[in-house]
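Here, each number is a calculation from the coordinates, and none is a lab measurement. Keep in mind the model is a prediction, meaning the values are calculated, not measured. All Cβ positions, glycine included, derive from the backbone under ideal geometry; neighbour counts span all protein chains shown.
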Amino acid sequence: MDLRLSKLGRRYDDGDTVFEVMLQVLEACDSYCDPAVFIKRLDREAILARAAELDAIAPANRGALHGVPFAVKDNIDVAGLPTTMGMATERPAAERTATAVQRVLDQGGVLIGKTNLDQFATGLVGVRSPYGAPHSVFDETMISGGSSSGSAIAVAAHLVSFSYGTDTAGSGRVPAAFNNIVGVKPTKGLIPTTGVFPANKSQDCVSVFALSVSDGDTVRRIAEGVDGLDPYARPAKPVNWTQKNLRIGVPSAASLEFFGDSAAADNYAEACTSLTKAGYTLVPFDFEPFAATARLLYESAWVAERTHAITPWLKASPDPLHPITREIVEDGLKYNAVDTFDAIYKATEAKVALDAIWNDIDVMLVPTTPSFYSLAELEAEPILHNKQLGYYTNCVNLLDYAAIAVPAGFRTDGLPAGVTLVAPAFTDGALAQLGGQIHRLLSPTTGRDCLAVTPEDDPDTEDGNHVDLAVVGAHLSGMPLNHQLTDRGGFLLESVKTSPDYRLYALVDTSPPKPGLVRDTGTNGAEIALEIWRLPEDILGNFLKLIPAPLGLGTILLSDGRQVKGFICESRAMGLAVDITEYGGWKAYLAAKQ
């Protein structure tokens, strides 16, 4: 079942009821193979009563998340339900619902349940819980990632449309990578943490797991905004960058770290190659200073902030604590006030120094994780492997950056991998725009069922001032004139084919060599490969001046029935041209000539 927001919205527009959809959701939850995903599911009767309540609302009055099933990590309050934080001991019911959850409910969301987590949200592995150790949706021998383990799996297994996690050190990004989904880590304070049990209170974020960047960004926008209760909440101050000449920073070869995992290294190298071929500019930088900052989170007095949150349990009876969780938080007891200020000063100094990177790049693209561990490997080295998983994630909140983790395809061993885009605070909207593009470019699938990701899954642009253009020859990625698109802020949207009634010709006396695409409504046509690029609308006139006769722009019919503006050719030029239709595209023709 495809639970993406656009697909659900279409079902409701076509007459399906929320009640019908929730019956399907409940069946999916009942039949899913991993019992460690949810700590508490809402009663069937309560979910169906909520569905009936929503079905009674007139279409014109529906909220933005009408009938959308979601889940929340069980360190986030829901009124009437206990918040366990991954503790097996009995907990009282929460008196009020967390701000982020209430904002979703107000827009028509349907809460399905509360999900498993590394106890007290301490860990990136997903196994430190008395409620069981969830596994990746792709391999029951592999970890799910954490600490927001159940939240990620609920989305990846298509049990809910989206879920809330929390992210202090990577808990909203690592599980996304291990389960082929999107993880949105907003700017600190953008979504209030009112009603969230703290890990590191000054560094915590509510995060969003979704099947597409568009869905995650939609939820982020609904949830954001100061609520007057969270002292760390901040109003949004959107910062955008132009797609023109975008500089993507990638860790230099010397500062990349995969801890011996060649499959992870190969996947990231392939991702960088794909970006270069698509026209993106990659700028190497030294990641080691960022990794050094990351180490402050657990190897300095910053860990005492976690200890502060759990002090009542340490004083009363630490026995219910998971042994690894206890070892980590008790480590915070060795620091004093002087150590704490020293750690704060170091993080502040690091931010001032490292922010200089934004003079050279606009956004970072890093591996989400350096490796992927099995449950057995983690049991053998529980602290070491957890530490390694945070190599690329732990620094982000300390440095006050925003991030989005997106799928990057599958490794040679068949396991999923991911990359994370990182940029300064309040670039969340711009990151979402780029994240949608990168997701489709590197791995146009999502979730356990590898649902196809299309431009429909891209976030809405901030201003909508763009035009999509189909190119078939010298402007294709990697071709001589592709720079005319990238220099003007263009980016690759998708690779598609025409409907089967076009012919392609190699034109004569053109430099560089170019083809001509001609419509043939008879029986001699074929599907021709092309690319669709998105350009800022205001540069289209400038770009048109570069198109020589006999080429021009017209409407092209695609194989899926869509129509798009793109390069076509006057039929008068076919006299001396060579028919190359049989090759199915310009790149295939050039490859055959070599």
Once phi for every residue in the range 37-42 is put through the Karplus expression 6.51 cos²θ - 1.76 cosθ + 1.60 (θ = phi - 60°), the whole-Hz ³J(HN,Hα) values, with Gly and Pro written as x, are 6, 9, 8, 8, 9, 5
So for the chain: antiparallel DSSP bridges make up what percent, rounded to the nearest 5?
75 percent
Scoring the range 210-337 by relative contact order with C-alpha pairs under 8 Å, at least six apart, yields a percentage of 19 percent
In units of 2.2 N^0.38 Å, the Cα radius of gyration of the range 117-185 is 0.93
Can you compute the charge dipole magnitude of the range 206-274 about its Cα centre, using +1 on each Lys and Arg Cβ and -1 on each Asp and Glu Cβ, nothing else charged? Give it in debye, rounded to the nearest 20.
460 debye
Quick one: which residues, 5+ away or cross-chain, put their amide H under 5 Å from the amide H of Phe491? H built at 1.01 Å from N.
Arg534
For the pairs Lys40/Lys185; Lys7/Lys587; Lys7/Lys497, flag any whose C-alpha to C-alpha distance is greater than 26 Å.
Lys7/Lys587
Distances longer than 39 Å among the Cα atoms of the chain: what percent of all pairs is that?
31 percent
Starting with the fewest neighbours, write out Ile76, Ile112 ranked by other beta-carbon atoms found within 10 Å of each beta-carbon.
Ile112, Ile76
Can you give the translational diffusion coefficient of the range 539-578 in µm²/s, computed by Stokes-Einstein from the Kirkwood radius over Cα pairs at 37 °C and 0.692 mPa s?
281 µm²/s
For the range 233-310, just say rounded, prolate or oblate: build the C-alpha gyration tensor, square-root its eigenvalues into a ≥ b ≥ c, call rounded for a/c under 1.5, and beyond that prolate if a/b exceeds b/c, oblate if not.
oblate
Under 18 Å from a point 7 Å along the Cα-to-Cβ line of Glu570: which residues of the range 542-556 have their amide N that close?
544-555
Run the numbers for Lys497 and Asp400: contour at 0.36 nm per residue of separation, minus the present Cα-Cα distance, in nm.
30.7 nm
DSSP beta bridge pairing in the range 64-150, given as percent antiparallel to the nearest 5:
30 percent
Summing -39500 (n - 2.57) over the DSSP H runs of n ≥ 4 in the chain and dividing by its residue number, what mean residue ellipticity at 222 nm do you reach, to the nearest 500 deg cm²/dmol?
-9000 deg cm²/dmol
A student asked for the Cα radius of gyration and Dmax of the range 190-337 in angstrom ought to give 20.2, 59
Between Asp2 and Lys545, what FRET efficiency follows from the Cβ-Cβ distance if R0 is 30 Å, with the result rounded to 0.05?
0.10
Would you mind classifying the range 318-430 by shape? Square roots of the alpha carbon gyration tensor eigenvalues, ordered a ≥ b ≥ c; an a/c under 1.5 is rounded, otherwise it is prolate if a/b is larger than b/c and oblate if not.
oblate
Taking Cα pairs closer than 8 Å and at least 6 residues apart, the relative contact order of the range 37-95 in percent is 20 percent
Starting from a Cα-only point model with no solvent, please compute log10 I(q)/I(0) by Debye for the range 445-524 at q = 0.14, 0.27 1/Å.
-0.70, -1.29
Which aspartates and glutamates, on any chain, are close to Lys351 with Cα under 12 Å apart, when same-chain ones fewer than 8 places away are left out?
Asp400
The answer for Val363, listing residues at least 5 apart or on another chain whose modeled amide H is closer than 5 Å to its amide H, is Arg247, Gly249
Summed residue charge, Cβ within 13 Å of Phe120's Cβ, Lys/Arg positive, Asp/Glu negative:
0
For the chain, what relative contact order do you get, as a whole percent, if you take Cα pairs closer than 8 Å and at least 6 residues apart?
13 percent
With θ set to phi - 60° and the Karplus curve 6.51 cos²θ - 1.76 cosθ + 1.60, what are the ³J(HN,Hα) couplings of the range 512-519 in order, to the nearest whole Hz, using x for Gly and Pro?
x, x, 9, x, x, 9, 10, 6
What area, in nm² and to one decimal, does the C-alpha convex hull of the range 409-545 cast on average over all directions?
11.7 nm²
From phi via Karplus (6.51, -1.76, 1.60), per-residue ³J(HN,Hα) for the range 394-400 in Hz, x at Gly/Pro:
5, 7, 5, 6, 4, 8, 6
Residues with amide H under 5 Å from that of Glu527, placed H, sequence gap 5 or more
none
As a percent rounded to 5, the proportion of antiparallel DSSP bridges among beta bridges in the range 466-593 is 95 percent
For the range 82-217, Rg(Cα) over 2.2 N^0.38 Å is 0.96
Report the convex hull volume per residue for the range 466-593, counting only C-alpha atoms, in Å³.
100 Å³
Given 20 °C and 1.002 mPa s, how large is the Stokes-Einstein diffusion coefficient of the range 1-134 in µm²/s, with Rh as the Kirkwood radius over Cα pairs?
136 µm²/s
Cβ-derived FRET efficiency at R0 22 Å, Leu553 paired with Ser511, nearest 0.05:
0.60
Taking 0.36 nm per intervening residue step and subtracting the Cα-Cα distance, what contour gain separates Ala380 from His308 on full extension?
23.1 nm
Cα-based Rg and Dmax for the range 373-457, in Å, come out at 15.2, 43
What length, rounded to one decimal in nm, is gained on full extension from Val239 through to Glu299, with 0.36 nm per residue of separation minus their alpha-carbon distance?
18.4 nm
Apply 1/(1 + (r/R0)^6) to the Cβ-Cβ distance of Ser262 and Leu333, taking R0 = 35 Å, and write down the FRET efficiency to the nearest 0.05.
0.30
Compute and list, largest first, the equivalent-ellipsoid semi-axes of the range 1-49 from the alpha carbon gyration tensor, each √(5λ) rounded to a whole angstrom.
22, 13, 8
Electrostatic dipole magnitude of the chain [Cβ: Lys, Arg +1; Asp, Glu -1; Cα centre; debye, to 20]
740 debye
